[in-house]
């Protein structure tokens, strides 16, 4: 059970990416976070496992406070949170197997990691998970030889191998074509059910969120402006999330010609989102020095 | 809008404060050049004399000499030079690796970063001949001094370039490894090292090639290798042999560069 309370993040630049967002995620539900570019979706996910350091609020995993942890404690928490990235973030020059097994790094000694010596159990599980994601036989391919869809499957396999208590998924489909996107979403749903873990997922495509999520959260300008079931996500709510307007204002300006689902989903520019976040990351690396702290 | 009078003149803005400053700077540079020439007493007559001597030296060098006795000396010196280069490259690279990680801003804490950069700066501050002179004073004549001097210089080159490579890595891959709960060292090994490994191999070969070149020269100050043999031949006015040595050095350096270029193209 993940419990986020009033989570806030102000970047060194003064940009207030999160202004106190609260959310509970548990069971094996799929919670989709939607919102326009720059709404703070990525920051939200990254603050939960503290790849980005939150500047306010609390995160609890199974009752354990995460925001005050450091060193070994924080690493143990991270083992329990599998993360999947928009740009896959595979280690490009390593094999598929090494990428998948890196999900076990939190459990092996550094010396064993250097020698690529993982337990037989881990290796057996890695083969199993590779089969689950449809990449049997690719274990010796280098990650940079794979297609986008295959890479994201490796990313998923890596996260699953952690045997996490929750999956944090940041825009898993933004770099993929529609068909592959659906396959990836199907896979995430299967894992949630099979491993009985919740999935917190940032997603651009509102249609995918409606189809796959049990619950949808709308972020706008770092604030939660909606939380409900896909059925609650009507036109008015969408306008509130994506335009920051009420229906009345919308019709008054004459812009409310009723954009269809597709338009809303395609509207936000994925480039913007990743650029903005990258800026934040760099800030973090330079000022906070994630590696040296961990 | 009132019509402005047509402007028919334009001068390129100067990079200096204004045109007066520009000419003043040019004047200072010209003066300094003239003063330097005067200070060194370089004259046309002196240059002409030097030219004659150079021609004489060249003539006395031809034909290059390669008697069996000389060949033995040559091979001995050359083998020592190449061996020095290999050993110095290995030692230098092994020491450079941690220094490079220390000197990469994105993976090292500020004080460690400062220390790493400091080490690199010290290594880069002196020419290898200066380092070799100091080391020869410390450990005496011979190949050991050469190896130490070249190893030391390798740090400044290798660690600096590798540190810059580390600073350019994709942070996303590091994020992903950190997110699994990996510790600091594991993150370096899985998230950072694979990204810079080809560069490590390439730089090692490149530095080996540079070290071969430098190992032929440090002998001149007594740090072993073919340079000592060369200096000896000059001292004995054995110019025929000098030419042989110079040609041999050129050949070895060219071979080293070719090998280095081919291997690096394959790796990177």
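Points worth noting:
- Beyond 17 Å, the tail of the calculated P(r) for the range A:88-163 holds 35 percent of the Cα pairs.
- As a proxy for reagent exposure, ranking A:240, B:12 by other Cβ atoms within 10 Å from fewest up yields B:12, A:240.
- Value at 222 nm in deg cm²/dmol, rounded to 500, when DSSP H runs of n ≥ 4 in the protein assembly as shown each add -39,500 (n - 2.57): -18500 deg cm²/dmol
- For the segment A:112-118, counting C-beta atoms of other chains within 10 Å of every residue's C-beta and taking the mean gives 2.
- DSSP beta bridge pairing in the protein assembly as shown, given as percent antiparallel to the nearest 5: 55 percent
- Ordering A:204, B:19 from the fewest to the most neighbouring beta carbons within 10 Å gives B:19, A:204.
- Sites residue A:163 and residue B:255, calculated FRET efficiency, Cβ-Cβ separation with R0 41 Å, nearest 0.05: 0.15
- Shielding by other protein chains, A:68-78, mean Cβ within 10 Å: 2
- Between residue B:46 and residue B:26, the FRET efficiency from the beta-carbon distance, with R0 = 41 Å, is close to 0.90.
- For residues of B:255-266, the mean tally of beta carbons on other chains within 10 Å: 0
- Extended-chain gain in nm, criterion 0.36 nm per residue less alpha-carbon gap, residue B:90 and residue B:134: 13.7 nm
- Computed packing ranks the peptides B:59-68, A:186-195, B:92-101 as B:92-101, A:186-195, B:59-68, most packed first, by mean other Cβ atoms within 10 Å.
- In this label model, residue B:9 and residue B:213 are separated by 5.2 nm, measuring between points 7 Å along each Cα→Cβ vector.
- Pairs of Cα atoms nearer than 8 Å and 6+ residues apart set the relative contact order; for chain B it is 25 percent.
- Neighbour-count order for A:77, A:10, fewest beta carbons within 10 angstrom listed first: A:10, A:77
Read-outs throughout are calculated quantities, based only on the coordinates presented, and are distinct from any laboratory measurement. Every value quoted in this text rests on a predicted model; they were computed, and no experiment measured them. With ideal geometry, Cβ positions are generated from the backbone for all residues, glycine too; neighbour counts draw on all protein chains shown.
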